[in-house]
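The block underneath contains the structure these notes are about, expressed in structure tokens.
Every number here is computed from the coordinates shown, using simple stated rules; none is lab data. Please read all numbers here as calculations on a predicted model, not as lab measurements. Note that each Cβ is placed from the backbone with ideal geometry, even for glycine, and that neighbours are counted across all protein chains shown.
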Amino acid sequence: LDPRLVSVRASTLGGQLTLLMIRDVTEQERLDQMRRDFVANTSHELKTPVGAVSLLAEAIESAADDPAQVRIFASRISAEATRLAQLTGRIMSLSRLQASDGVVDFSVVALDEVITASIEGHAVQADSAGVELVRGGDRGAHVRGDAQILIEAVGNLVANAILYSPRGSRVGVGVTIEGETVEIAVSDQGIGITESDRERVFERFYRADEARSRRTGGTGLGLSIVKHATQRHGGEVRLWSRPGRGSTFTMVLPRIDATAPDAEKKTKKK
Ligand code: ADP
């Protein structure tokens, strides 16, 4: 709260000062609570794979004379390590995005390249899940933003779409230019999301179906990253879904004309 604002309001508004300060304290408490929840949830999420790794290491010790068992336990340790790496990577992305002074490197970004990278990054996952990735829509759109963050966000949507889809289905990734904005849509023909879950899937660590998404290796952070990344770019995320029919996640972003002479000049660090 700006102290000058307080003194002006104090002298002109008298009693309203108390109200202002209460509101400020409440906001601060809310942020503190969010931070505490984040730390608590994070520690809880990290404990699970760390605990599994130490149990598996003990199991290897006691199965030392059974090479087949040792191989099974070792490959499970490796799977838990991969999960830990994914989890810590996502936790770092999210805290960077949420920090008010987070490093977001803004420049002119060609969405064609973002889409290509997001699709190529998930080709192997799509292949082994038997899901076809289909690219469509408009080409040549640009936004002002951070390419790495956008690739991570679109990549999370593509990964989820594959994860929650049956074999033989299609996942569409497309860009639509709508005047001053541009929409990046990722749609699937998968399990869909119920109405009550649609309100909550963007929350950190929320999983619509805890047991299933744990089995499929989810972290509950992917969509939270998508939401914060989109907001950092001055946009918003929309979700359409019908249980049993599929889902479409759309990132709506402000578009820029990359051919305008001042497109690069206006680019700034934020
Ligand atoms: P996770 O890493 O668990 O997938 P996310 O934050 O990416 O975490 O997603 C949160 C939850 O939203 C998931 O656990 C899943 O229940 C649901 N969800 C996300 N994307 C889809 C989708 N394309 N189809 C169905 N459910 C989805």
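Structural remarks
- Scanning the chain for long hydrophobic helices, with DSSP H runs required to stretch 27 angstrom or more by C-alpha along their axis and to average at least -1.0 on the Kyte-Doolittle scale, returns 16-62, 67-98.
- Distance between the C-alpha centres of the stretch 123-182 and the stretch 58-90: 32 Å, rounded to the whole angstrom.
- Approximating the spin labels as points 7 Å out from Cα along Cα→Cβ, the Ile177-to-Ile22 distance works out to 5.3 nm.
- Length gained on full extension, Ala110 to Arg135: 7.4 nm, using 0.36 nm per residue less the C-alpha separation.
- Most positive-pole-ward Cα, Ile162, Gln125, Thr42, against dipole of the chain from beta carbon charges: Thr42
- Considering helices alone, the calculated mean residue ellipticity of the chain at 222 nm is -18000 deg cm²/dmol, with DSSP H runs of length four and up weighted by -39500 (n - 2.57) and normalised per residue.
- With the highest mean first, a sort of the peptides 77-86, 243-252 on other beta-carbon atoms found within 10 angstrom per residue produces 243-252, 77-86.
- In terms of surrounding Cβ atoms within a 10 Å radius of their Cβ, Ile162, Ile22, Ile151 rank from fewest to most as Ile22, Ile151, Ile162.
- Net lengthening on full extension, Glu61/Gln86 (0.36 nm per residue, minus Cα-Cα): 6.3 nm
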